[in-house]
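The next block holds one structure in the form of structure tokens; read it before the comments.
Bear in mind these aren't lab numbers, they're just calculated from the coordinates by the rules spelled out. Because the structure is a prediction, the values reported are computed rather than measured. Every residue, glycine as well, gets a Cβ built from its backbone with ideal geometry; the counts of neighbours run over all protein chains shown.
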Amino acid sequence: MTNQLEKKVVVLASGGGSNFQTLIDSLQNDGTNIRISALVVDRPCQATQRARHHHIDYFEVNRHNDSNYNTQVLKTICQSADLIVCAGYLSILSAEFIAQFPEKIINIHPSLLPKFGGAGMYGMKVHQAVINAKEKTSGCTVHYVDTGVDTGKIIAQATVDIEKGETAETLQKKVLIEEHRLLPAVVKKLLQDSKIT
Ligand code: GRF
């Protein structure tokens, strides 16, 4: 029987899935009414092993497939989701998919947007660009997904200081720690503040 009070989250990932793991640990295993109903990946990646370990259904779309096909698959998996979380998902979502889920798709990005976002700005490239620009701070941003790349409305950010001698690698580790705090906190806030219907 479906629990009417339960909130369902679908996570989209392409990589190691450490943000996916932190959502499992802080939501699913922490007595909230939030359940991760599925993981979707767009390539073989470690995130699926985490899903298997925690008995979460997972699906793989193919980033080289016709995007209409991927959109239809995603729409089916996400149709009853209360929130769709892009956690290191590298494929661009179609405008048709985004239009179907207004203010229900969020993304985590490892910089203080609007700085260091946009096409080609992902993973270590972001942190290297921050170091090259001699920034004093960096951080991470959770934002709604719109049809641009990293342009949707900002929901929350966390900041880290950049120390003397900081490298892209050390910065990535520091920012990831903040990502793991910020993302579950935002998901909880969005789902627990919203009315239960
Ligand atoms: C994170 O830095 C996230 O901000 C970015 O991709 C990375 C994914 O890490 N979008 P993980 O797969 O969650 O470990």
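By the helix-only formula, in which each DSSP H run with n ≥ 4 contributes -39500 (n - 2.57) and the sum is divided by residues, the chain has a 222 nm mean residue ellipticity of -10000 deg cm²/dmol. Taking Cα centre as origin and charging only the Cβ of basic (Lys, Arg, +1) and acidic (Asp, Glu, -1) residues, the dipole magnitude of the chain rounds to 140 debye.
With the Kirkwood sum run over all distinct C-alpha pairs, the range 93-137 has a hydrodynamic radius of 12.2 Å.
Ordering Phe97, Val41, Leu5 by the projection of their Cα atoms onto the charge dipole of the range 1-107, which places +1 on the Cβ of Lys and Arg and -1 on the Cβ of Asp and Glu, puts Val41 at the extreme positive end.
Kirkwood analysis of the range 1-87, using all unique Cα-Cα pairs, places the hydrodynamic radius at 13.2 Å. Taking only the alpha carbons of the range 85-197, we obtain Rg and Dmax values of 14.5, 51 Å in that order.
Length gained on full extension, His55 to Lys134, computed as 0.36 nm times the residue gap minus the Cα-Cα distance: 24.1 nm.
Send over the Kirkwood Rh of the range 22-65, from the inverse of the averaged 1/r over different Cα pairs, rounded to one decimal Å. So the Kirkwood estimate lands at 11.2 Å. For the range 43-84, the Cα-based Rg and Dmax, in that order, read 11.6, 31 Å.
Each of Ile154 and Thr76 was given a label point 7 Å from its Cα along the Cα-to-Cβ line. The distance between the two points is 3.9 nm.
Positive contributions from Lys and Arg (+1) and negative ones from Asp and Glu (-1), summed over other residues with Cβ under 12 Å from the Cβ of Gln72, come out at -1.
Classify the range 27-151 from the C-alpha gyration tensor, please: rounded if a/c falls under 1.5, else prolate or oblate depending on whether a/b exceeds b/c.
Prolate, because a/c is 1.5 or more and a/b exceeds b/c.
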